[in-house]
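Working notes, structure below.
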Amino acid sequence: MGRIVLKNVTKSFGDTQVIPPLDLTIEDGEFTVFVGPSGCGKSTLLRMIAGLEDLTSGYIEIDGNDATQVPPSERGLAMVFQSYALYPHMSVRKNIGFPLRMAKMDQAEIDQKVETAAQSLNLMDYLDRKPADLSGGQRQRVAIGRAIVREPAAFLFDEPLSNLDAALRVGMRLEIGELHERLKTTMIYVTHDQVEAMTMANKIVVLQAGVIEQVGSPLELYHKPRNKFVAGFIGSPKMNLIEGAEAAKHNAHTIGVRPEHIEVSTTGGQWEGKVGVAEHLGSDTFIHVHGIDGCDPMTVRAAGDVAVKHGDTVFLTPQAQNIHKFDQKGLRIE
Amino acid sequence: MSDRKLPRLLQTPAVLLLLVWMLIPLGMTLYFSFIRYVLNNLRRPEWTTPSLSNWRGFGNYEFVLNSKDFLLAIQNSLLIVCSILFLTVILGVLIAVLINKAFAGQGIVRVLLISPFFVMPAVNAVLWINMILDPVLGLQGIAVGSINDLLDALRAAPLVGGFFSLWPELEPISFRATQTSAYAVIIMVTWQWTPFAVLIFMTSLQSEDQQQKEAAVLDGAGTWSQFRFLTLPHLARPIAIVVMIQAIFHLSLYAEIEIVSRGNGNKNLPYLIGEFANNNIGAASATGIFAVILANIVAIFLLRMIGKSLME
């Protein structure tokens with residue numbers, strides 16, 4: 001079980017309030033991702049759930065019990081840190097077994113649980129090595145192993161993949177996804193990478209300056225961003241936000257069109273502009289178009305390889321059904 | 001191979017200089033230890049100049065081994081060094097952990113803690129033996145005296161007097177005495193060198209990974225377990241460094257021993273060498289060679305014990 005409820009939670013460091021009153025419910029078994037730019041308070045929020053930071057006010061409930069004053073070790077949560085935080089002088093076996101040893105479990109049982117965890121994480125060959133002799137991905141797996149053996153009510157991940165190289169990150173992302181499918185345990189995952197958020201989450205919590213901007217499934221956030229911030233943050237490349245006369249035509253202060261919802265033509269269309277940089281990825285072409293009123297440059301994502309080069313004139317037409325409208329305050333207009 | 005020649009050539013002067021610096025004194029000591037060489041002898045004036053014709057073989061070594069002070073000096077050298085190492089490491093770790101947490105006045109406390117290290121060894125010895133350890137005029141004498149006065153007063157008091165008259169009169173300890181002068185040296189050197197240990201441990205504690213500690217907290221480790229499983233292993237290397245440096249320094253203690261008891265009942269090898277060197281250079285050199293051997297034995301043990309943690 002692992003249902004976590006935050007009620008009216010706030011956090012201040014001295015006089016600066018980093019998290020204004022915040023409510024959030026994380027259902028049992030959900031994979032929740034906290035995403036937001038650096039300094040948005042997502043890690044602080046996670047550390048508050050873990051008990052590593054005190055709450056300034058409000059309270060936290062885990063499985064229906066008030067956990068606000070419960071010490072971190074008794075909350076039944078396991079955390080995986082960005083730096084892995086492995087114990088450098090202990091072998092992998094001892095690292096994974098450490099929480100069990102602290103729980104005064106007997107040695108035979110510890111050995112058996114460690115082996116089970118190591119097997120599921122492909123760490124059997126490394127059990128007697130020290131963390132310093134492992135690669136980044138292996139260290140991350142050890143850190144996950146140390147979390148798994150405790151059989152926690154929920155896993156907390158604090159940017160666990162940001163120290164890995166890009167290829168490894170994709171692999172570990174899948175492994176963590178698999179792990180969630182297998183264990184069905186609540187997982188809370190903090191990242192600043194919206195791709196990680198989109199691919200892994202059941203539920204994404206978008207944060208900015210300690211405030212929850214939107215909570216929803218990845219596709220909800222993609223199709224119906226509640227405001228300009230979420231619209232710009234979710235999706236890659238970023239949504240084009242257009243202000244001024246073009247927006248006024250749709251009775252909005254700002255309109256947003258995702259790069260993949262714009263048609264490119266060399267003969268005619270709604271907007272005319274000049275090609276800046278064209279990024280050819282093979283499967284897609286990202287074209288940066290200059291000279292369009294209210295949005296410069298506008299990014300377009302065209303499927304396949306489009307034969308345009310720097311300086312060409314192109315015409316762009318947004319798909320009418322995929323135009324997002326926002327009012328003066330940046331809130332979505334339906 | 002040729003690209004290695006130039007660097008070697010460039011190193012040569014420095015290496016040669018170091019070798020000469022080390023080998024000449026060692027060679028002369030060896031040479032003197034095998035001949036009869038004294039500074040002053042009216043009956044055998046030829047012994048006062050070093051010469052191969054005064055060859056004595058292992059005679060000097062035999063003389064030193066048979067002298068009544070030699071075994072005492074070796075025992076004392078080891079006792080003093082080991083006790084100081086033991087005390088400074090334990091006190092150093094405890095104090096470093098204690099002052100590692102932020103508190104008001106931290107800066108001043110740290111400076112005060114470090115300051116004993118800047119006192120000259122001879123001054124340190126004079127201060128301790130006269131002002132603190134002296135059985136009459138020192139702090140010890142005054143403290144023991146006041147406790148005795150208090151006890152006297154209590155004995156005279158009604159009701160409780162009977163109980164306190166069962167208590168013995170306290171005797172101050174004379175630290176210049178044969179049996180205790182080594183302890184005086186251990187106390188004062190520990191006082192002086194604990195700050196060194198604290199300083200090194202403190203810098204090491206500040207580089208301790210905080211996320212590891214947080215992970216340990218979540219894993220259910222209490223304060224003691226964190227200290228035992230994270231902090232102590234983290235300190236293994238600085239402890240090794242402190243032990244090594246201090247072992248080197250304390251094998252050659254001299255000033256404290258001279259001032260506390262003039263070697264009375266408390267000699268270490270350097271002090272014994274000093275005593276022999278008053279006249280008998282041959283015996284002093286032989287003792288010196290023994291000291292070199294002892295230092296090497298200690299070094300081998302230390303490297304065995306400590307080398308592992310340094311290499312990791």
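The values are calculated or read from the model by the stated rules, or taken from the named source; none is laboratory data. Source: prediction; values computed, not measured. Reconstructed Cβ throughout: ideal geometry from the backbone, glycine too, with neighbour counts over all protein chains shown.
Things to note:
- Residue match in segment B:80-97 (condition: more than 30 Å from B:Glu208 (Cβ to Cβ) and of a type outside the set (A, V, I, L, M, F, W, C)): no
- Residues being surrounded by 10 or more Cβ atoms within 10 Å (Cβ to Cβ) and more than 14 Å from B:Ile281 (Cα to Cα) - total across segment B:28-44: 1
- Look at (1) of a type outside the set (Val, Ile, Thr); (2) assigned to a strand (DSSP E or B); (3) touching a residue at least 40 places away in the same chain (Cβ under 8 Å) and you find that A:Asn251 fails only one, number (2).
- Filter result for A:Glu30 (surrounded by fewer than 16 Cβ atoms within 10 Å (Cβ to Cβ), of a type outside the set (Gly, Ala, Ser) and out of contact with any Asp or Glu (no Cβ under 8 Å at 6 or more places or on another chain)): no
- Residue within segment B:76-95 that is assigned by TED's automatic domain parsing to the domain that holds B:Met202, in contact (Cβ under 8 Å) with a residue 60 or more places away in the chain and farther than 30 Å from B:Thr178 by Cα present: yes
- Those helices (runs of 4 or more DSSP H) of segment B:200-306 in which 2 or more residues are more than 26 Å from B:Asn41 (Cβ to Cβ), within 14 Å of chain A (Cβ to nearest Cβ) and of a type in the set (A, V, I, L, M, F, W, C) occupy B:210-218, B:232-250.
- Taking the numbered list (1) away from chain A (no Cβ under 14 Å); (2) surrounded by fewer than 16 Cβ atoms within 10 Å (Cβ to Cβ); (3) assigned to a helix (DSSP H, G or I); (4) within 29 Å of the chain's Cα centre (by Cα) in turn, B:Glu171 passes all entries but (3).
- Cβ-Cβ contacts under 7 Å between residues 6 or more apart (or on different chains), taken from a first residue in segment A:43-56 that is in the same structural domain as A:Ala153 (by TED's automatic domain parsing) and on the phi > 0 side of the Ramachandran plot to a second residue that is among the β-branched types (Val, Ile, Thr) and in a helix (DSSP H, G or I), are absent.
- If you go through segment B:29-62 and keep only what is more than 27 Å from the chain's Cα centre (by Cα) and assigned to a helix (DSSP H, G or I), you end up with B:Tyr31, B:Phe32, B:Pro45, B:Glu46, B:Trp47, B:Thr48, B:Leu52, B:Ser53, B:Asn54, B:Gly59, B:Asn60, B:Glu62.
- One residue stands out among those in segment B:76-98 that are more than 15 Å from B:Ser252 (Cα to Cα) and surrounded by fewer than 17 Cβ atoms within 10 Å (Cβ to Cβ): the one that is modelled with the lowest pLDDT, which is B:Leu98.
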